[in-house]
1. Quick one: Karplus J couplings for region 29-36, per residue in order, coefficients 6.51, -1.76, 1.60, θ = phi - 60°, nearest Hz, x for Gly and Pro?
2. Going by amide H atoms built from the backbone, whose H comes under 5 Å of the H on Ala34, apart from near neighbours?
3. Near the amide H of Tyr50, under 5 Å away, which other amide H atoms are found, from residues 5 or more places off or on another chain, if H is placed in the peptide plane?
4. Kindly identify region 24-69 as rounded, prolate or oblate by the Cα gyration tensor criterion: order the square roots of the eigenvalues as a ≥ b ≥ c, call it rounded if a/c is under 1.5, otherwise compare a/b with b/c, prolate if a/b is larger, else oblate.
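FYI, it's all coordinate maths here, none of it is from the lab. This structure is a prediction, so every number in the text was calculated from the model and none was measured.
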Amino acid sequence: MSFPSSGNANAIDSALRPVKVPISSTFLVLDIFAGSGTTGRAARHLNRSYILCDINSNGKDIFLESIEE
């Protein structure tokens, strides 16, 4: 299974919008269909805490590689 949004700057920009909603920065971002972790990367960019879940474990590896860059 591939994740078309992995590493895609436009996808991260799109994911930033809902994560940026003017709420307390202490709120947790939850993505239960995380895929490659675009929402997680957006949350990290905004210094928000996050939990990512996905049935496909390959997404975890893609996400971990992307945040090491």
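1. Here the 3J(HN,Hα) series is 8, 10, 10, 8, 10, 5, x, 8 Hz.
2. The list, which skips near neighbours in sequence, is Cys53, Asp54.
3. Here Val29 satisfy the definition.
4. oblate
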